[in-house]
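Down below is the structure, laid out as structure tokens.
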Amino acid sequence: MKPLTRLRLQLTAWYAGTFSLILFVLGLLVFTMIARRSAEELDESLVGATRAAERATQIRETEAALGPSHLVDAFSELVIPERQLYLFDSTGTPIVPRDVPKPVLSAAAAAVESGSYDRRFKADPHGPHQRLFQAHAERFQVRGGRQYVVVAVADRIELEDRYASLIAALAGGAAGAVLLVSIGGWFLAWKAIEPIERNLAYVRRFVADAAHELRTPVSVLRSRADVALSRERRPEAYVDALTSVGLEAERMGRIVDDLLTLARADAGEKAVAHQRFYLDDSALDAVSGVRVLAETRGVDLNVREFEEAPVEADPALVRQLLVILLDNAVKFTPTGGRVSLSVRSADGCATVTVEDTGVGISPDELPRIYDRFYRGDDARRRSDGAGLGLSIAKWIADTHGADIELVSTVGQGTRVTVRFPPTTATAPTAATVGV
């Protein structure tokens, strides 16, 4: 099983487990509250049944006009659903009905002494069916002064049925909820891990590309050194070998510097200063730095438009951005071609444009030009770069809130425009910014 799949399963299990624990605690609280209320309702119903029996007895009991048989008939006619009623005289002797379970007799005897009594009992303590009953006994007095005891008995099976139904409902709801949470947890885990998967894939590709790009100069360094040391040579041969080694070391150093820049940017450790300066001055400096390369390749490098354009940015990073754009334009422009730079200011926004008459970029390659280590077919043939320049340029532009736009036509050239945000009158500041 892949590590990320295992992580997704673990996150889903944590989601489901945490939610199940919450549901269990809430369900236990709900069940406890409902069970307590149900027991209270049963007690209240038993008290209500005894009170109803008392009222019926009060109505029928007249010491002068009615005899005991009428009292028996009146009590027997009283029917309360799912409740059994028992009537006793003041000594605890059963009146209606005559056949009374022993627990009911003991409850009546206790009520004779204390006035009221509650107890639970089993109908058949030694039998296979341990049904539990609840009894409420209460002593009362009729108008003639005679005292009776009435006992109301309820089968607690109704509470057990309620509990069973409640447990079934809670369990069913909880199972459905846990299932839904598990599905949702899997989806959330997938969404949470998706960026990690992309980052890991990116890191693996980044490391592989970096290793590939560094392997070439390292191989050249090793081969040049091996050839130079394989036998004695003339001093000129050693000079040529060391010159080649120096060039490859310089190329490898540039790659390492670019990697370090991007790594610090990714980690948010690249300090970016914000200060007010003029973009046209930085552009002239960048042109001066690239002019030697342009002359070596036979490319005409010129400044076409030049306006004062204040910006608030990091001067070193902006110069690096301009050098990258000019360097790319010169490298991909054939001998006799032209590279021009323009600096404008409109509506408080400074804009720099680098335009060349080079080979251009195919539409299929445009979406990937800012990917790290990406180089098109022409780039691989014409340049010894590592494909990191435009990635750094894009990061510099994004860090300063600038828009970078690249338009290219194969065989006609490329135009890159960078538009900086309007300047404000704030004091210079410094910040640490990552990609």
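Here is a check on your reading of the model: is Asp378 open to solvent by 40 Å² or more (accessible area, probe 1.4 Å), touching a helix residue (DSSP H, G or I) at 6+ places or on another chain (Cβ under 8 Å), at pLDDT below 80 and not in a strand (DSSP E or B)? Taking the combined requirement at face value, the residue does not satisfy it. Would you confirm, using the coordinates I've provided, whether Ser182 is in contact with a Ser or Thr (Cβ under 8 Å, 6 or more places away or on another chain), modelled with pLDDT of 75 or more and assigned to a helix (DSSP H, G or I)? Against the criterion (in contact with a Ser or Thr (Cβ under 8 Å, 6 or more places away or on another chain), modelled with pLDDT of 75 or more and assigned to a helix (DSSP H, G or I)), Ser182 qualifies.
Would you confirm, using the coordinates I've provided, whether Thr333 is open to solvent by less than 50 Å² (accessible area, probe 1.4 Å), at pLDDT 85 or above and part of a strand (DSSP E or B)? So Thr333 fails the test. Does Val245 fit the bill of being under 24 Å from Ala329 (Cα atoms) and modelled with pLDDT of 70 or more? In short, no. Scanning the stretch 139-177 for residues that are open to solvent by less than 60 Å² (accessible area, probe 1.4 Å), modelled with pLDDT under 75 and assigned to a helix (DSSP H, G or I) gives Glu158, Leu159, Tyr163.
Residue under question is Ile196, and the condition is that it be modelled with pLDDT of 75 or more and closer than 30 Å to Leu317 by Cα; does it hold? Against the criterion (modelled with pLDDT of 75 or more and closer than 30 Å to Leu317 by Cα), Ile196 qualifies.
Yes or no: Arg372 assigned to a helix (DSSP H, G or I), under 42 Å from the mean Cα position of the chain (by Cα), farther than 30 Å from Thr424 by Cβ and modelled with pLDDT under 90? Spelling it out, it is not the case that Arg372 is assigned to a helix (DSSP H, G or I), under 42 Å from the mean Cα position of the chain (by Cα), farther than 30 Å from Thr424 by Cβ and modelled with pLDDT under 90. Do we find a residue being in a loop (DSSP other than H, G, I, E, B), modelled with pLDDT under 85 and not hydrophobic (A, V, I, L, M, F, W, C) anywhere in the stretch 391-401? No, there is no match, as no residue in the stretch 391-401 is in a loop (DSSP other than H, G, I, E, B), modelled with pLDDT under 85 and not hydrophobic (A, V, I, L, M, F, W, C). Of the residues making up the stretch 31-60, just one is modelled with pLDDT of 80 or more and of a type in the set (A, V, I, L, M), namely Met33. Being of a type in the set (A, V, I, L, M), modelled with pLDDT of 75 or more and assigned to a helix (DSSP H, G or I), is that true of even one residue in the stretch 260-267? No, the stretch 260-267 has no match at all. Of the residues Arg215, Arg291, the single one that is charged (D, E, K, R), assigned to a helix (DSSP H, G or I) and modelled with pLDDT under 85 is Arg215.
The values are calculated or read from the model by the stated rules, or taken from the named source; none is laboratory data. Since we're looking at a predicted model, the values are computed, not measured. Cβ coordinates were reconstructed from backbone atoms using ideal geometry, including for glycine residues, and neighbour counts include every protein chain displayed. The accessibility values were calculated without ligands, DNA or RNA, using every heavy atom of the protein model including side chains. Shrake-Rupley method; radii C 1.70, N 1.55, O 1.52, S 1.80 Å.
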